[in-house]
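Right, one structure below, let's go through it.
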Amino acid sequence: MTMSNNIVLGENQYGKAEVRVVKVTRDTDRHHIEDLNVTSQLRGDFQAAHLQGDNGHVVATDTQKNTVYAFAREGIGSPESFLLRLADHFTGGFDWVTGGRWEAESYSWDRIQAHGEGHDHSFVRNGQEVRTAVVVRDGATTHVISGLKDLTVLKTTQSGFVGYPRDKYTTLPETTDRILATDVSARWRYNTDLDVAGTDFNKSYDDIKALLLEGFTENYSHALQQTLFDMGKKVLEAHSEIAEIKFSMPNKHHFLVDLSPFGLDNPNEVFFAADRPYGLIEATVQRENIAAAPVAWSGIAGFC
Ligand SMILES: O=c1[nH]c(=O)c2[nH]c(=O)[nH]c2[nH]1
C-alpha cells in the first residue's frame, strides 16, 4: 500500500456546547419550569472554513446559542421535540448543513410542598436522575436516543453471586444474599421510522423509567448482568417504537463488616459501602436482527 502525502479534511462538526437554558412558563400564577443543558453541532460542507479561512458557511456558534434561547421562548415541551426543532431549523435553513447532532441533559424540579400542597412558584431540584436526549440527523435519516443517568437504586436482598470460576486469584466468597446497588445509565434508541409528531416523549420517558425501576425489583438477581437484561427486556416488550437500549451500570459493592472482634454477629445488617473499585456492567438489549446504527451512537461515551 502506498501512503498518500495529500492532507485532506476528515469528519468534522462544530457548534455551541452546554447552553444552559431555563424556561419559566408563567401564563398563570402556577408557574412551570424546564431546565436544560443543550449542545448543538452542525455537519455539512465546512471545507472552505477549514482549508481557506472562508467563513461563508459557518453559522456562528454564537448564533446557534441564540437560536436555543429564541426557540425556548416558544416553550420546550420535551427535550427530544426541542432538539428536533433545532435539527429542522438548521438543516432546513442552510443548504450546506446536511445534518448534525443535538444533545440535551434535562434536570427535573419538583414543587416545594408547603402547607400540604405543591407551591406555585418555588421548586426543589429532584436529584433522582438526569434525563438525556440526543438527535442525530444524517441527510434524510433522523435518529432519536433518549435516556437517563445516575438513577441510583439498591435492593437489600434477592441478590446473590455464585457459580463463577475459581482460580488462584479468586478470593470472593459466594453469596446467595447480598445488597445489589447501582447507578443506572441507560440510553434507548427509537426506530428510525418513528412518527415523531405522534410521539409523546415525556410520557414515554416516565413510562420507561418506571419499567426500569420495576425491572430492578422483580426477579431474584443472580448477577447484575441478569438484572440489566431483565430491565431492558421489559422496556422493549412494552415499547415497540424502541429498537434497542444500552446500559452502563456500576456494581456498587457493599461488603459485610466483620463485627466478630467486638463479639457481635452480623446477619447481613452492617455493610461497608465501597466507592471504588466497582464492577462495571455494560450491555445492549436489542430486537433480534435490527440494523446497527453506529451514526446514532457515535459521540455517546461510556456505553458498548
Ligand atoms: O453481579 C455481579 N456480576 C459480576 O460480574 C461480578 N463479579 C464480582 O466480583 N461480583 C459480581 N457481581
Cα centroid separation, the stretch 211-278 to the stretch 112-151 (Å): 24
C-alpha long axis of helix 79-93 to longest principal axis of the chain, angle in °: 20
Selected from G53, V144, G118, residue furthest toward positive end of dipole (the chain; charges at beta carbon): G53
Pairwise FRET efficiency - A114 versus D177, Cβ, R0 = 51 Å, nearest 0.05: 0.75
For the stretch 64-197, alpha-carbon Rg and Dmax in angstrom: 21.9, 64
Length-normalised contact order of the stretch 1-61 in % [C-alpha pairs under 8 Å, at least 6 apart]: 32
Relative contact order, percent, the stretch 178-304 [alpha-carbon distance under 8 Å, six or more residues apart]: 30
For A293, residues with placed amide H under 5 Å, excluding near neighbours: none
Charge dipole magnitude, Cβ of K and R +1, D and E -1 - the chain, Cα centre, debye nearest 20: 440
Taking all pairs of distinct alpha-carbon atoms in the chain, Kirkwood radius in angstrom: 22.3
Inter-label distance, nm, simple model (7 Å from Cα along the C-beta direction), S4/R287: 3.9
Point-charge dipole on Cβ atoms (K/R +1, D/E -1) for the stretch 121-217, about Cα centre, debye to 20: 300
Zone of S240's modelled label, taken as backbone nitrogen in the stretch 167-191 under 14 Å from a point 7 Å along Cα→Cβ: 191
Extent along principal axes [Cα atoms of the stretch 5-112; Å; largest to smallest]: 64, 23, 19
Descending semi-axes in Å of the stretch 197-287, equivalent ellipsoid built from Cα gyration tensor: 36, 13, 11
Neighbour net charge for K234 - beta-carbon separation under 11 angstrom, K R +1, D E -1: -4
Packing-based ranking, highest mean first, of 261-270, 10-19 given that Cβ atoms within 10 Å are counted: 10-19, 261-270
Check: the stretch 1-142 dipole with +1 on Lys, Arg Cβ and -1 on Asp, Glu Cβ, in debye: 120
In nm, spacing of pseudo-spin labels at N12 and D29 (7 Å Cα→C-beta vector): 5.6
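Readers should treat all values here as calculations from the given coordinates under stated rules, not as data from a laboratory. The structure displayed is predicted, hence computed values, not measured ones. Glycine gets a Cβ as well: all are built from the backbone with ideal geometry, and neighbour counts include every protein chain shown.
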